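In what follows, a single structure is set out as structure tokens and then discussed.
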Amino acid sequence: MKAIGTILLLICSNVLMTLAWYGHLKLQQMKVTDNWPLIGVILFSWGIAFFEYTFMVPANRMGFAENGGPFSLIQLKVIQEVITLTVFTVVAHFLFQGQTFHWNHFVAFGLLVLAVFFAFLK
């Protein structure tokens, strides 16, 4: 159960972090933040990132083996990276519809999935 809870929290965290990192670009495309100074965009992203941390920190605490969770530190990081790429791919597809994915992007994604496989080998 801790594994599922950890992964769900990581997904929530990564949705917010992807919006913090790239959402301002969509807002700029929509002319919402066109005239904002860079510091305003940074503070906006930091505001989103604050809420991202409210998911990431509990996910790592719950999932970490030394806290009774099922994952080693390295496993947590590799899982988080694959979730980040997956969430980014979905967000980019829906928010930035002009972005296309090519074969090499899918190969890179597959290699990250293999990284998860190897991270869990005993």
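What follows is calculated from the coordinates using simple rules that are stated; it is not laboratory data. Small disclaimer: the values here were computed from a predicted structure and weren't measured. So basically every Cβ, Gly included, is an ideal-geometry build from the backbone, and we count neighbours across all protein chains shown.
Output the direction-averaged projected area (hull surface divided by four) of the convex hull of the alpha-carbon atoms of segment 28-74, in nm². If you can, show how the numbers build up before the last one.
Working: hull surface 19.1 nm².
Taking a quarter of the hull surface, the average projection is 4.8 nm².
For the chain, compute the number of Lys pairs whose alpha carbons are separated by less than 29 Å, excluding pairs fewer than 8 positions apart on the same chain. Present the calculation step by step, with values, prior to reporting the outcome.
Working: Lys2/Lys77; Lys2/Lys122; Lys26/Lys77; Lys77/Lys122.
For the chain, the number of qualifying lysine pairs is 4.
For the residue pair Tyr22 and Trp46, what label-to-label distance in nm results when each label sits 7 Å from Cα along the Cα-to-beta-carbon direction?
Here the answer is 2.4 nm between the modelled labels.
Using the per-residue mean of other Cβ atoms lying within 10 Å as a proxy for protection, in what order, highest first, do the peptides 50-56, 27-33, 8-14 fall?
Numbers: 50-56: 15.7, 27-33: 12.9, 8-14: 20.1.
Answer by packing, highest mean first, reads 8-14, 50-56, 27-33.
Once both axes come from the Cα atoms, what is the angle between helix 73-95 and the longest principal axis of the chain, in degrees from 0 to 90, rounded to 10?
The helix 73-95 is inclined about 30 degrees to the chain.
Which whole-angstrom value gives the distance between the alpha carbon centres of segment 16-64 and segment 91-106?
The distance from the Cα centre of segment 16-64 to that of segment 91-106 comes to 20 Å.
For the chain, build the charge dipole from Cβ charges (+1 Lys, Arg; -1 Asp, Glu) around the Cα centre, then report which of His93, Ala108, Val41 sits farthest towards its positive end.
Ala108
For segment 101-108, what does the Karplus curve 6.51 cos²θ - 1.76 cosθ + 1.60, with θ = phi - 60°, yield as ³J(HN,Hα) per residue in whole Hz, taken in order and with x for Gly and Pro?
9, 10, 4, 5, 5, 5, 5, 4
Please list, ordered by chain and number, the residues whose modelled amide H lies under 5 Å from the amide H of Thr33; skip anything fewer than 5 residues away on the same chain.
For Thr33, whose amide H was placed from the backbone, the distant partners under 5 Å are Gln28.
Return the distance in nm (one decimal) between the two label points of a simple spin-label model at Val57 and Thr86, each offset 7 Å from Cα along Cα→Cβ.
2.6 nm
Where the Cα atoms of the chain are projected onto their three principal axes, how long is each span, largest first, in whole Å?
Sorted largest first, the three principal extents are 52, 35, 20 Å.
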